[in-house]
Amino acid sequence: MYDEQRDATPAVGPLAGFTVGVTAARRADELGALLQRRGAAVQHAPALRIVPLADDGELLAATKELIAQAPDVVVATTAIGFRGWVEAADGWGCGEELLACLRGVELLARGPKVKGAIRAAGLTEEWSPTSESMAEVLDRLLAEGVDGRRIALQLHGEPLPGFVEALRAGGADVVVVPVYRWMPPEDVAPLDRLLDATVTRSLDALTFTSAPAAASLFSRAEERGLLSGLLDALAHDVLPACVGPVTALPLQARGLDTAQPERFRLGPLVQLLCLELPSRARTLPLAGRRVEIRGHAVLVDDDLRPVPPAGMSLLNTLARRPGWVVSRADLLRALPGAGRDEHAVETAMARLRTALGVPNLIQTVVKRGYRLALDPAADEKYGDTTPGTKPGGTKGADA
């Protein structure tokens, strides 16, 4: 039988109530759709743009050099880069010569996507690291011995730190193949809005799918004088999530810890966020309800209740001292741009209660302020953690 009630109340997605920033230039639509399918609100701003080098003299020169003097090894690092290289060579009329050259060399692929691009071109890779790490590629090459060998390296948008230097130090003749370049976005306004949202903690997580995107974000933050605020937000409140260890390098160089999936793919990255963000949410037993405080919404039992920013500021302030009375003055300080009028607290509180749909989750303590209606059984857990007015309206020893 058709169940109208069940269909009318779909299950809440694991990312419902959270806002996730997306810095990707490529595959941003795919990542955004995966996030939204699980309930997240998505704010996208490409931190860079990809400039293909089909007309670039540097790429043409490198291609002709390799055709004239075939390398011993070719390292392909990205699928889009390898495809772009072959397509550019076709456009110059030397595509078949390039493929013939590549058929006679040791062809190494950094990961499965690159293997797919290689095979689509009618070629076969000799080896690919299970870790999809360029460090493992480098270890293999050095273990085989590179002295006197000619090695072509297809770059993936920016130089690989230490990779070329290590090969040359081992005696290799290295030819770099710059297939495309990362450039700042032509319109920086969306990136500036994403930066502002990160610094003001309007985001719950910020995703990175390439190291250049992270570097570009830091560069723009530095230009605007927001670098310290950005680093502080990513260190304490906004979860930086990277698709893999190479992407994470610019963040780690700034002293930031990052979340990374075990498999370096968009799907596992989203699944990681589905675990991490709910685990960071505050869950409290209030007035007989289970209340989970998320980024821009609250789960009251299983009912998702969107809450305006001012209301979330009040609720987060109350939740830092669950069950304790918080004065109007303290709550006023939590309201952005509220000034000195404590009536702003009363107005925002009324809207918060309306948004929650269960007004008695927050209690008014006359002439004192407000408190969360923490269930009595939870008083012992939460009631002795912060000096001030204790649950029930009595004074704490430090008040």
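The values are calculated or read from the model by the stated rules, or taken from the named source; none is laboratory data. Because the structure is a prediction, the values reported are computed rather than measured. Heads up, the Cβs are rebuilt from the backbone with ideal geometry, glycines too, and the neighbour counts pull from every protein chain shown. With ligands, DNA and RNA removed, areas are computed over all heavy atoms of the protein, side chains included. Shrake-Rupley method; radii C 1.70, N 1.55, O 1.52, S 1.80 Å.
Observations on the structure shown:
- Judged by the ratio a/c of the largest to the smallest principal axis of the C-alpha gyration tensor, the range 232-273 counts as oblate, that ratio being 1.5 or greater while a/b is no larger than b/c.
- Residue-normalised accessible area of the chain, given per residue in Å² at a 1.4 Å probe: 47 Å²
- Counting only protein heavy atoms and a probe of 1.4 Å, the accessible surface of the range 90-137 is 47% carbon and sulfur.
- Centre separation in Å (Cα based) which lies between the range 240-283 and the range 299-347: 29 Å
- Contact order relative to length of the range 62-209, as percent, for alpha carbon pairs under 8 angstrom and 6 or more apart: 24 percent
- Model label points for residue 176 and residue 142, set 7 angstrom from Cα along the Cα-to-Cβ axis, are 1.9 nm apart.
- Once the Kirkwood radius over Cα pairs is known for the range 144-233, the Stokes-Einstein relation at 20 °C and 1.002 mPa s delivers a diffusion coefficient of 137 µm²/s.
- For the range 193-346, fraction of C-alpha pairs farther apart than 18 Å, in %: 65 percent
- Rg/Rh ratio calculated on Cα atoms of the range 305-347 (Kirkwood radius): 0.95
- The alpha carbon convex hull volume per residue for the range 1-155 rounds to 185 Å³.
- Candidates 125, 222, 144, ranked by Gaussian network fluctuation over the chain, Cα under 10 Å, top entry: 144
- Ratio of Rg to Rh for the chain: 1.11 [Cα atoms; Kirkwood radius as inverse mean 1/r over pairs].
- Normalised by 2.2 N^0.38 Å, where N is the number of residues, the alpha-carbon radius of gyration of the range 209-249 equals 1.15.
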